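This report refers to the structure that appears directly beneath it.
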Amino acid sequence: MGRAFPGATVRTSGRDGMLATVPAHPDVVIATPGAEPVADGGYGAVLLLDTWALLTRADLRASEETLRRWLTAATLARPTARVVVVADGGLVPVQALLRWDPAWLAARELAERRELKFPPAVRVASLTGVPDAVADLLGEAHLPETADLLGPVPAPDGQERVLIRVPRAAGRTLAAALHAAVGVRSARKAGDPVRVQVDPLELL
């Protein structure tokens, strides 16, 4: 990067050291997402690279989090600066950036999640543990009649994962049932723990 811009100082901001601000000099600033320093007078250009790293995360909120980080970086540019994103222009987060319209992306995301029955359109609980422990917890839980069980699917370290999906109106009932079941297992000192998450960001 330094050879591409002879005479410019290359500054980095990231895990090994974060810069809060940079002076109004003809510098090149390379920053990881969330570590972008504020430039005195704004940046002359903002280039968003490695966009796949944010877009391909196994996270329910990957698209909205990606757009949030892009918008944050773009707002550091001066009004006349150019913002360039290296990504497929047909992707929804890229379109939202070009439109400068996060509400448009949010509406699309919500519509898709309603169709797929993902949070926040429904409430989902995740149970992760060794198979016998997960089965034991499910046996103790008095789940709502509207509950759908998805799985089990393999999880790391010989564990498995089960998802429980209910309509939003049954969310409190589901949480109470799982809380009670965890309490029962704790009272009888069940050996293997089960991790319980409500509306986890990672569903796969």
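The values are calculated or read from the model by the stated rules, or taken from the named source; none is laboratory data. Remember, it's a predicted structure, so these values are computed and weren't measured experimentally. Quick reminder, even Gly has a Cβ in these numbers, built from the backbone with ideal geometry, and neighbours come from all protein chains shown. When the accessible area is computed, the model is the full protein with side chains, heavy atoms only, and any ligands, DNA or RNA have been set aside. Shrake-Rupley method; radii C 1.70, N 1.55, O 1.52, S 1.80 Å.
Can you find a residue that is among the hydroxyl-bearing types (Ser, Thr, Tyr), more than 30 Å from residue 79 (Cβ to Cβ) and either free of Cβ contacts under 8 Å to residues at least 24 places away in the same chain or open to solvent by 20 Å² or more (accessible area, probe 1.4 Å) (or both) anywhere in the stretch 145-161? Spell out how you get there, then give the answer.
If we filter the stretch 145-161 for residues that are among the hydroxyl-bearing types (Ser, Thr, Tyr), which is where we start, we get 146.
From the residues that got through so far, the ones that are more than 30 Å from residue 79 (Cβ to Cβ) too are 146.
This time we only want the ones that are either free of Cβ contacts under 8 Å to residues at least 24 places away in the same chain or open to solvent by 20 Å² or more (accessible area, probe 1.4 Å) (or both), so: 146.
Yes: one or more hits.
Among the residues in the stretch 108-118, are any touching a residue at least 60 places away in the same chain (Cβ under 8 Å) and within 24 Å of the chain's Cα centre (by Cα)? Break it down stepwise before answering.
Here is the first cut: in the stretch 108-118, the ones touching a residue at least 60 places away in the same chain (Cβ under 8 Å) are 118.
Checking which are within 24 Å of the chain's Cα centre (by Cα) leaves us with 118.
So far as the stretch 108-118 goes, yes, one or more of its residues are touching a residue at least 60 places away in the same chain (Cβ under 8 Å) and within 24 Å of the chain's Cα centre (by Cα).
Taking residue 33, is it of a type outside the set (Lys, Arg), within 17 Å of residue 74 (Cβ to Cβ) and touching a helix residue (DSSP H, G or I) at 6+ places or on another chain (Cβ under 9 Å)?
On the way: of a type outside the set (Lys, Arg): yes; within 17 Å of residue 74 (Cβ to Cβ): yes; touching a helix residue (DSSP H, G or I) at 6+ places or on another chain (Cβ under 9 Å): yes.
The answer is yes for residue 33.
Identify the single condition in (1) outside any loop (DSSP other than H, G, I, E, B); (2) more than 27 Å from the chain's Cα centre (by Cα); (3) not acidic (Asp, Glu) that residue 29 does not satisfy, given that it satisfies every other one.
Of the numbered conditions (1) outside any loop (DSSP other than H, G, I, E, B); (2) more than 27 Å from the chain's Cα centre (by Cα); (3) not acidic (Asp, Glu), the odd one out for residue 29 is (2).
Which residues, taken from the stretch 162-196, are farther than 16 Å from residue 143 by Cβ and assigned to a strand (DSSP E or B)? Steps first, please.
At the first step, the residues of the stretch 162-196 found to be farther than 16 Å from residue 143 by Cβ are 186-193, 195.
Answer for the stretch 162-196, where residues must be farther than 16 Å from residue 143 by Cβ and assigned to a strand (DSSP E or B): just 195.
In the stretch 48-65, is there at least one residue being over 25 Å from residue 87 (Cβ atoms) and free of Cβ contacts under 8 Å to residues at least 24 places away in the same chain?
no
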